[in-house]
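Engineer: One structure coming up, written as C-alpha cells, with questions to follow.
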C-alpha cells in the first residue's frame, strides 16, 4: 500500500492530487521521475554513483540506497509513471526530527542558461544561501507526545542568518516552540550534534571527502540531518545525515566541488557554535555578533 | 629614491605616467589610495586587521606588514597623493618567481549593487573563477640568468582550467617556456610546494584559519606565492605566500568566508596534484581527465 510520506519537509508533495513521492511503509521511497529531464538526470547520478568503485564505503552511507526504477501508479492519478526506488531514510523512526539544508552559496551550475541562472541567483540572494553558503529548505522537530513543530514554506524561505542560527538550536531543543521569553534549551545538542559519532563528526567526515573528490559537483543538493526524539530523550545517540536531491549534479572533471565544500564548512561552523559557542542568551543580547566583529568598523565600501 | 617595482605581476602599474605603486628598494611598498573609496576601504582593513588581537601571529605572517599612510609625489606626476605604506614582500629577492592567484568563485560581495555584480559575475564566468574557485591574475617565472617568463595580461585572462593546471607546473619548472613537445620538468616542485614549510603546508595552515575565522570576508583578494630562483636551484626551501589586495573585504558577522575557503581548498587540491598527481605526460594524453571522471556519463542536464 503506497502512500505519501508522513515526514517530508521539503520538495514536491503527493497530497491533494499532486505528483509527489510515495513510501511503502517497509523501507522504500518512490520518487517520481520529473519529466523535464531532471528526473533522468537524477537517475543518471544514482547509476553513476552506485557503480563508481572509487567512492569509499564510509561515504556511501551518507547517500540513500538505490534500487533502480519502477513503473507505478502516480500519486496525481495520471496513470503509470516511472519512479526512482530509493531507501526510505526515516521509515524506521517513530518520532523523527529532521532538517533539510540545501548546501552551496550558488545553486546554479557553470553551464546553466541565463534564465535558470537568474532565477537561481535571485533565490540565493533572497535566502541565506549567498551569505551563509547554505539555506534551510524545511524542518520538522518532534515535541512532546506525537506533536511536532513544522514551520510553513514561506516562514522557512524568510529565515535570516540569525534565524538559521536559532533554528539549529531549536532543532536539538525540547522546547522548540517556546516563545521568545524562553530560549531553546538545546537539551539534545550533545546527543545529536556531539560525540564521536554525532552529526558534527559525520559532517567532518563528509568534508574530508569533499576536499578530495573530483567526480561530482552537487548543485541544489541537500544534507538531511535526522534523529529519533525518543532516543535523544533517553540520552542515546543515533543521529545521522543523508544527502538528497541530485537532479543538478554535474561532472567534476578533476576539480573539487568548492561551492558545496564552502557551504558545508559554514554549516559545520554553525553546528559547532551550538555545541561550544555563545548561548542563546548571548545571541539575544547581541554578544554573539559583537564578540565576533573586528574592533573597528569596515562599513562604507565603495565599488 | 622611489621607483616602480620590478616584479609586479598584477594590478595597476606606475609606468608611462600612470598612477601605481612605488618601492623604495629597502623594503617598503607604497600603494596609492584609490580615490573612489576603495583606497580608504583597504586602509580601514589594514587598520582593523593590525589592531585585532584575535588574529593569531602564525597567520599574521601571511599578510604584508602595514606601516600607516604617507603623502608622496604620485607616480603619474599629479602631485602629492596619500599612499599605504606596506612591506615590500619581494625586495630581498634577486630572481623571484611569483604568481598572483585571486581566490573565490565569486568576486562580488553580497551587498554589491547590480552593475558591480554584473561586471564581476561576467569576469568570474569568463575566467576560471566560477569553475575552479580561483583565477590566476598574473605570474612571473625566473629562468636562466636574469631572464624570466611573464605572460601578457590577455594571455593570463584567457587561461582555462587545464591551462591553470599546467601553469602551476610551469611555475615550479626550470623550463617554463619550453615548447609543447617538452613537458614542464617540475624541477622545483618539491622545494617550493613540498615539505613541512612549503607552499602547500602554508596553504593548509591558512585553510585552518579560514575554517574558523568569522571577522573578515575577502572578496577579490589574492594569494601571492613567491620563491627565489637561486634558492630553489640549490635545493633550499624558503617559498612563502602572502595575501594581497583588500579593497573589497567586508565584515564576516559570525559567518566563515565560505567563498574564499572553497577556492583555497581548490587551489590546495591543484597544488597537491602537482606533487602527487598525474604527470604532465598523463595530462597531455588525457589520462588526467578520464582517470578522474565517473565511469558513466552525466551529460545532458536539463534545467
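Engineer: Just wondering, is there one or more residues in segment A:63-73 that are at pLDDT 95 or above, within 26 Å of residue A:203 (Cβ to Cβ) and in a helix (DSSP H, G or I)?
Structural biologist: no
Engineer: If you don't mind, there's one more thing I want to ask. Filter segment A:77-89 down to residues that are in contact (Cβ under 8 Å) with a residue 60 or more places away in the chain and crowded, with 16+ Cβ neighbours inside 10 Å and give me whichever is nearest to the chain's Cα centre (by Cα).
Structural biologist: If we filter segment A:77-89 for residues that are in contact (Cβ under 8 Å) with a residue 60 or more places away in the chain, which is where we start, we get A:77, A:81, A:83, A:87-89.
Applying the additional criterion that residues be crowded, with 16+ Cβ neighbours inside 10 Å yields A:81, A:83, A:88-89.
Working: A:81: 27, A:83: 22, A:88: 15, A:89: 13 Å.
The selected residue is A:89.
Engineer: For segment B:90-135, what are the residues that are more than 8 Å from chain A (Cβ to nearest Cβ), within 13 Å of the chain's Cα centre (by Cα) and either in a loop (DSSP other than H, G, I, E, B) or over 23 Å from residue B:8 (Cβ atoms) (or both)?
Structural biologist: Of everything in segment B:90-135, just one residue is more than 8 Å from chain A (Cβ to nearest Cβ), within 13 Å of the chain's Cα centre (by Cα) and either in a loop (DSSP other than H, G, I, E, B) or over 23 Å from residue B:8 (Cβ atoms) (or both), namely B:104.
Engineer: A further question on this structure: For residues in segment B:145-162 being on the phi < 0 side of the Ramachandran plot and without any contact (Cβ under 8 Å) to a residue 12 or more places away in the chain, which is farthest from the chain's Cα centre (by Cα)?
Structural biologist: B:147
Engineer: Take segment B:245-303 and flag every residue that is under 27 Å from the mean Cα position of the chain (by Cα), over 30 Å from residue B:41 (Cα atoms), at the interface with chain A (Cβ under 7 Å from one of its Cβ atoms) and at pLDDT below 95.
Structural biologist: Within segment B:245-303, the first condition is being under 27 Å from the mean Cα position of the chain (by Cα), and the residues that meet it are B:245-284, B:288-289, B:292.
Restricting the remaining residues to those that are over 30 Å from residue B:41 (Cα atoms) gives B:269-284, B:288-289, B:292.
Next cut, at the interface with chain A (Cβ under 7 Å from one of its Cβ atoms) only: B:269, B:288-289, B:292.
Within segment B:245-303, B:288, B:289, B:292 qualify.
Engineer: Does residue A:275 meet the test of being out of contact with any strand residue (DSSP E or B) (no Cβ under 7 Å at 6 or more places or on another chain), outside any loop (DSSP other than H, G, I, E, B) and surrounded by 18 or more Cβ atoms within 10 Å (Cβ to Cβ)?
Structural biologist: no
Engineer: Now a separate question. Does residue B:142 count as over 27 Å from residue A:253 (Cβ atoms) and more than 9 Å from every other protein chain (Cβ to nearest Cβ)?
Structural biologist: yes
Engineer: Also: Of everything in segment B:1-23, what is exposed (fewer than 15 other Cβ atoms within 10 Å of the Cβ), over 20 Å from the mean Cα position of the chain (by Cα) and part of a loop (DSSP other than H, G, I, E, B)? Give them in sequence order.
Structural biologist: Once the filter is applied, which keeps residues that are exposed (fewer than 15 other Cβ atoms within 10 Å of the Cβ), over 20 Å from the mean Cα position of the chain (by Cα) and part of a loop (DSSP other than H, G, I, E, B), segment B:1-23 yields B:1, B:15, B:16, B:17, B:18.
Engineer: Here is a further query. Criterion first (touching a helix residue (DSSP H, G or I) at 6+ places or on another chain (Cβ under 7 Å) and within 11 Å of chain B (Cβ to nearest Cβ)) does residue A:169 satisfy it?
Structural biologist: Taking the combined requirement at face value, the residue does not satisfy it.
Engineer: How about segment A:51-60: which of its residues are assigned to a loop (DSSP other than H, G, I, E, B) and in contact (Cβ under 8 Å) with a residue 12 or more places away in the chain?
Structural biologist: Within segment A:51-60, A:52, A:54, A:55, A:56 qualify.
Engineer: Select, from A:91, A:97, A:146, the only residue that is closer than 30 Å to residue A:26 by Cβ, modelled with pLDDT under 95 and touching a strand residue (DSSP E or B) at 6+ places or on another chain (Cβ under 9 Å). If you could, list the steps in order and put the result at the bottom.
Structural biologist: Details: A:97 fails: modelled with pLDDT under 95; A:146 fails: touching a strand residue (DSSP E or B) at 6+ places or on another chain (Cβ under 9 Å).
Every option except A:91 fails the conditions.
Engineer: What's the total number of residues in segment A:251-272 that are closer than 18 Å to residue A:212 by Cβ and either in contact (Cβ under 8 Å) with a residue 12 or more places away in the chain or surrounded by fewer than 24 Cβ atoms within 10 Å (Cβ to Cβ) (or both)?
Structural biologist: Qualifying residue count, segment A:251-272: 15.
Engineer: Ok, one more. Can you tell which of B:38, B:54, B:28 is within 12 Å of chain A (Cβ to nearest Cβ) and surrounded by 14 or more Cβ atoms within 10 Å (Cβ to Cβ)? Write out each step before concluding.
Structural biologist: On the way: B:54 fails: surrounded by 14 or more Cβ atoms within 10 Å (Cβ to Cβ); B:28 fails: within 12 Å of chain A (Cβ to nearest Cβ).
When all the criteria are applied, what remains is B:38.
Engineer: Next up: Name every residue in segment B:41-51 that is crowded, with 21+ Cβ neighbours inside 10 Å and in contact with a strand residue (DSSP E or B) (Cβ under 6 Å, 6 or more places away or on another chain), in order of residue number.
Structural biologist: Those that are crowded, with 21+ Cβ neighbours inside 10 Å and in contact with a strand residue (DSSP E or B) (Cβ under 6 Å, 6 or more places away or on another chain): B:45, B:46.
Engineer: Can you name every one of the helices (runs of 4 or more DSSP H) wholly within segment B:152-252 that holds 3 or more residues which are within 18 Å of residue B:265 (Cα to Cα)?
Structural biologist: Result: B:161-170, B:199-210.
Engineer: Which members of segment A:232-244 meet the condition of being touching a helix residue (DSSP H, G or I) at 6+ places or on another chain (Cβ under 8 Å) and either modelled with pLDDT under 95 or facing another protein chain (nearest Cβ under 8 Å) (or both)?
Structural biologist: Passing the criteria: A:232, A:235, A:236, A:237, A:238.
The values are calculated or read from the model by the stated rules, or taken from the named source; none is laboratory data. Nothing here was measured: the structure is a model prediction, and the numbers come from that model. Here the Cβ is made from the backbone with ideal geometry for all residues, glycine too, and neighbour counts use every protein chain on show.
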